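J.: Below is one structure. I have some questions about it.
The values are calculated or read from the model by the stated rules, or taken from the named source; none is laboratory data. Just so we're clear, the structure is a prediction, and the values are computed from it rather than from any experiment. All Cβ positions, even for glycine, are placed from backbone atoms using ideal geometry, and neighbour counts span all protein chains on display. Keep in mind that these areas ignore ligands, DNA and RNA; they rest on the heavy atoms of the full protein, side chains included. Shrake-Rupley method; radii C 1.70, N 1.55, O 1.52, S 1.80 Å.
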Amino acid sequence: MVQAASTQDKPLYVSGAGRRIICGVLLALSSLGLSSCHSAAYYYYKFPEYNYAGRPIPPSKLAERVMIGVTANGSSGSLQIVDALRDLRSNVEDTIPSFSISGYSSGYPGTIMNFPAELRGYVYSNSDGSLTNINYSTEASAGSVGTFESGSSSVAVPPTFAHYYGAEEAAGILEIIDNTSGQSYGLNLPNVFKVAVNAGDTVALAMVRNSSTLYRVFKLSQNQYPTQQAAIAATGSADCEPSLLPVYCVVGVPGTYDEPAGVYFSLDGTTAYVLNCGPECGGKTASVTLLEQGPLNNNVIPASPVQPNPMTANIPVPGGVTAALSDGTTLYLAGQQLQPDGLFAGFLTTVTQASNTITGKYSISDGSHSKLLFADNNTLWIGSQYCATGEREKQFASGVTTQAANYNCLTKVVLGGSTITPQIIPAVNQAGTGVTAVPVGYPNQNDDQYYYGSLTGICWVQGFNKVYTAYGGQVHIFSTVDGSEIDNQYVIIQGTALDVAYLDAQSDAAN
């Protein structure tokens, strides 16, 4: 036993080779431990080695961004950015409380024209008339590209960015900023309130309030006419500018129109669908007028004061039409129809484009419809403004407590089935006899339990089953799966939300 004890007390001998093996194992374990010590943020905000389409990593490190046009008081505004993947306005660690577009300060950023494929957008501010270029890669303002009249009703920007168009209603001016020459031209067109341009920037059409005339823009050949008077007399134009050696003219387009209020350009580039507002705008008959785009090209100079008629069809739309969207086979039209009591009711009308025939008419939210958007789960979303002045609000106020009395301004439609059943979002019911009250999910600051207000902006967060909205002046998020509202408490903004845009969409067509 003495011998055994003596053996146990001997120090352990390790050869040189053994020591090297042990050190190697310890070093490997140490390296493994260090490599696994990344913070959670490393994984939260880590981009793939090759980002989609080679897009750069933005300063915010957010991969799914929604930009919100915000005004504080009508004269002080900003462009806020939120994490649309996690529905947060801060980072996960809460070390950065908010994100925004640096260098932007216009007061009322009410219109965002979104071009994610080109990594930029343009924001029009009603307060000062500025049109500002926003760089999505740097999340910064690239400066004003032009100034239109403040409060201008309509601005149009094609994805070629060769021109910017503005309908300045108060001044009666259709303004064209030509980036190819660096010049600006103001065409006299009294009461012009809307301008639309196709994706190729080859057709620009203008509409005049309280009128059934449509106008197109064309460009003269260099020094073609010495004066505007000579150009107007030869082409039948309403105006040509400048007065000496005119460059641009605006001329009436023959066809059947009734208070035209918008234009939708076909996906194949062949047809312009003129949206005739009709009774909703004080006219007689709502319809869609189909025009060939070829004769409307801005390089087509009239050979005489008599213009050729490019109209191919006119489709009466009993449900009314102020907005349109197509999936290539079906044209979806949103508008309002005058009811016997003098109020208007909202309708969605479907048209088969192969035969230009109406295939359905469906009740949707009331109000002036201006937003149509496709989204995940084969859904169509329709937004409007001033919905509390229509037929649904009358039912609601008179005690009708069924779902049909919901007078909110957003409608979700599931497409692809044998029938279409529009759903007004959020789903609410006023309490009544035998009816359970269902208020809105996340009331705005005015605490109205049944009505959010006008919907002024909507965007599809592509592939994540949600849409963001500027709804009643606040940010609200909805699921495309079932239309339910997603908790918005971490994306609520201070001020009034005017418009929203998804900056990381795969293409411009997603907006």
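J.: What accessible area per residue, rounded to a whole number of Å², is obtained for the range 362-511 using a probe radius of 1.4 Å?
T.: Working: 5860 Å² over 150 residues.
Heavy-atom accessible area per residue stands at 39 Å².
J.: Based on the mean of other Cβ atoms within 10 Å per residue, sort peptides 56-67, 409-420, 116-127, 363-374 so the most packed one is first.
T.: 363-374, 116-127, 56-67, 409-420
J.: Same structure again: Figure the gain on full extension for Thr213 and Ala117 (residue separation times 0.36 nm, minus the Cα-Cα span) and round it to one decimal in nm.
T.: Computed gain between Thr213 and Ala117 is 31.1 nm.
J.: Taking all protein chains in place and a 1.4 Å probe, what share, in percent, of the accessible surface of the range 411-479 do carbon and sulfur account for?
T.: Carbon with sulfur: 49 percent of the solvent-accessible area.
J.: What 222 nm value per residue comes from the helices of the chain, counting each DSSP H run with n ≥ 4 as -39,500 (n - 2.57) and dividing by all residues, nearest 500 deg cm²/dmol?
T.: Result for the chain, helices only: -2500 deg cm²/dmol.
J.: Using the heavy atoms of the protein chains and a 1.4 angstrom probe, tell me the accessible area per residue for the range 48-114 in square angstrom.
T.: Details: 3120 Å² over 67 residues.
Accessible area per residue: 47 Å².
J.: Bin all alpha-carbon pair distances of the range 186-345 at 10 Å intervals from 0 and give each bin's fraction as a whole percent.
T.: Binned Cα distances yield the sequence 11, 38, 32, 14, 4, 0.
J.: Let me ask you something else. On the accessible surface of the range 287-343, probed at 1.4 Å, how many percent belong to carbon and sulfur atoms? Each step should come with its number before you reach the end.
T.: Details: 1350 of 2360 Å².
That share works out to 57 percent.
J.: Return the carbon/sulfur percentage of the accessible area of the range 100-224, one whole number, probe 1.4 Å, all protein chains in place.
T.: Summing carbon and sulfur atoms, their accessible area is 42 percent of the total for the range 100-224.
J.: So what are the ³J(HN,Hα) numbers for the range 44-51, from phi and the Karplus equation (6.51, -1.76, 1.60; θ = phi - 60°), rounded to whole Hz, Gly and Pro as x?
T.: So the Karplus estimates, Gly and Pro as x, are 4, 10, 8, 8, x, 4, 10, 5 Hz.
J.: Heavy-atom accessible area per residue, the range 192-311, 1.4 Å probe: how many Å²?
T.: 39
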